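For reference, the structure discussed in these notes is given below.
The values are calculated or read from the model by the stated rules, or taken from the named source; none is laboratory data. For clarity, every value in this text was computed on a predicted model and none was experimentally measured. Virtual Cβ from ideal backbone geometry, glycine too; neighbours counted across all protein chains shown.
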Amino acid sequence: MPRRANKDLRRIIPADAKYNNVTVAKFINKVMLRGQKATAERIVYDALEVASEHLGKEPSEVMEEAIRSATPLLMVRPRRVGGATYQVPMEVDPRRGQGMAMRWIIASVRGRAGKSMREKLASELTDVVEGRGATIKKREDIHRMAQANKAFAHFRW
């Protein structure tokens with residue numbers, strides 16, 4: 001049991017400078033490597049511009065829609081009951097789901113071959129918004145696993 005009364009002491013992330021959007025700022029922070037924030041901003045902003053031209057939407061709207069479509073609704077968590085470990089399907093907290101979606105997008109971008117980071121990120125964002133790509137496959141695999149283990153949902157507590 002935590003000793004402090006208020007457990008929800010999350011750091012407030014200020015909105016990004018260009019689009020005044022907190023989601024874009026969080027995404028920039030996740031793309032950033034070795035504290036090079038200016039480089040991460042340049043990569044994300046350029047990729048959003050390219051993706052928005054391709055999709056015909058506003059850049060911040062592209063980011064919001066990509067995160068929304070990549071966010072998982074269900075996931076499985078291991079529960080140990082009577083010596084056996086069951087994969088129990090659970091609903092995903094919205095903040096955790098958003099973080100997972102961002103990590104999956106970045107991981108699939110880094111796993112793509114060739115091209116520059118901004119080109120790979122732009123193509124992955126367009127793929128996610130259009131409902132295809134490695135990130136959407138990851139989300140569907142997680143959902144499929146949760147559906148397959150629906151019989152163990154009564155172990156959720």
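Filter region 139-154 down to the residues that are touching a residue at least 60 places away in the same chain (Cβ under 8 Å) and of a type in the set (D, E, K, R), then identify the one that is surrounded by the fewest Cβ atoms within 10 Å (Cβ to Cβ).
Across region 139-154, the extreme among qualifying residues is LYS150.
With the requirement that a residue be free of Cβ contacts under 8 Å to residues at least 40 places away in the same chain and of a type outside the set (Ser, Thr, Tyr), what does region 80-94 give you? Before the answer, list the steps.
To start, the set of residues in region 80-94 that are free of Cβ contacts under 8 Å to residues at least 40 places away in the same chain comprises 80, 82-85, 91-94.
Once the filter is applied, which keeps residues that are free of Cβ contacts under 8 Å to residues at least 40 places away in the same chain and of a type outside the set (Ser, Thr, Tyr), region 80-94 yields ARG80, GLY82, GLY83, ALA84, GLU91, VAL92, ASP93, PRO94.
Just for region 85-95: of the residues that are in a strand (DSSP E or B) and surrounded by 12 or more Cβ atoms within 10 Å (Cβ to Cβ), which one is nearest to the chain's Cα centre (by Cα)?
Top of the filtered list is GLU91.
Restricting attention to region 122-135, which residues are more than 10 Å from ALA66 (Cβ to Cβ) and outside any loop (DSSP other than H, G, I, E, B)?
Passing the criteria: ALA122, SER123, ALA134.
Could you list, in sequence order, the residues of region 130-155 that are within 18 Å of the chain's Cα centre (by Cα) and of a type in the set (S, T, N, Q)?
THR135
Quick one: which helices (runs of 4 or more DSSP H) lie wholly within region 1-84 and hold at least 3 residues that are of a type outside the set (Asp, Glu) and touching an Asp or Glu at 6+ places or on another chain (Cβ under 7 Å)? I'd like the intermediate steps shown before the answer.
On the way: elements: 22-31, 37-55, 59-70.
Answer list for region 1-84: 22-31.
Would you be able to say whether some residue in region 27-38 is modelled with pLDDT of 95 or more and polar (S, T, N, Q)?
For region 27-38, residues modelled with pLDDT of 95 or more and polar (S, T, N, Q): present.
Scan region 10-60 for residues that are touching a residue at least 60 places away in the same chain (Cβ under 8 Å), β-branched (Val, Ile, Thr) and under 15 Å from GLY99 (Cα atoms) and jot them down.
Listed by number, the residues that qualify are THR23, VAL31.
With small (Gly, Ala, Ser) and either buried (at least 16 other Cβ atoms within 10 Å of the Cβ) or under 19 Å from GLU124 (Cα atoms) (or both) as the only criterion, which of ALA40, ALA15 stands out?
On the way: ALA15 fails: either buried (at least 16 other Cβ atoms within 10 Å of the Cβ) or under 19 Å from GLU124 (Cα atoms) (or both).
Being small (Gly, Ala, Ser) and either buried (at least 16 other Cβ atoms within 10 Å of the Cβ) or under 19 Å from GLU124 (Cα atoms) (or both) holds for just one of ALA40, ALA15, which is ALA40.
Out of the residues in region 65-84 that are over 23 Å from ALA148 (Cα atoms) and in contact with a helix residue (DSSP H, G or I) (Cβ under 6 Å, 6 or more places away or on another chain), state the one that is surrounded by the fewest Cβ atoms within 10 Å (Cβ to Cβ). Walk me through it before giving the result.
If we filter region 65-84 for residues that are over 23 Å from ALA148 (Cα atoms), which is where we start, we get 65-68.
In the following step, the residues that additionally are in contact with a helix residue (DSSP H, G or I) (Cβ under 6 Å, 6 or more places away or on another chain) were identified as 65-67.
Working: GLU65: 16, ALA66: 27, ILE67: 22.
Checked region 65-84; the qualifying residue surrounded by the fewest Cβ atoms within 10 Å (Cβ to Cβ) is GLU65.
Within region 49-58, is there a residue that is among the hydroxyl-bearing types (Ser, Thr, Tyr), within 20 Å of the chain's Cα centre (by Cα) and within 17 Å of ILE136 (Cα to Cα)? Spell out the reasoning first.
Start the filter on region 49-58 by keeping residues that are among the hydroxyl-bearing types (Ser, Thr, Tyr), which leaves 52.
Now drop any that are not within 20 Å of the chain's Cα centre (by Cα), which leaves 52.
Next, from what is left, pick out any that are within 17 Å of ILE136 (Cα to Cα): none.
There is no residue in region 49-58 that is among the hydroxyl-bearing types (Ser, Thr, Tyr), within 20 Å of the chain's Cα centre (by Cα) and within 17 Å of ILE136 (Cα to Cα).
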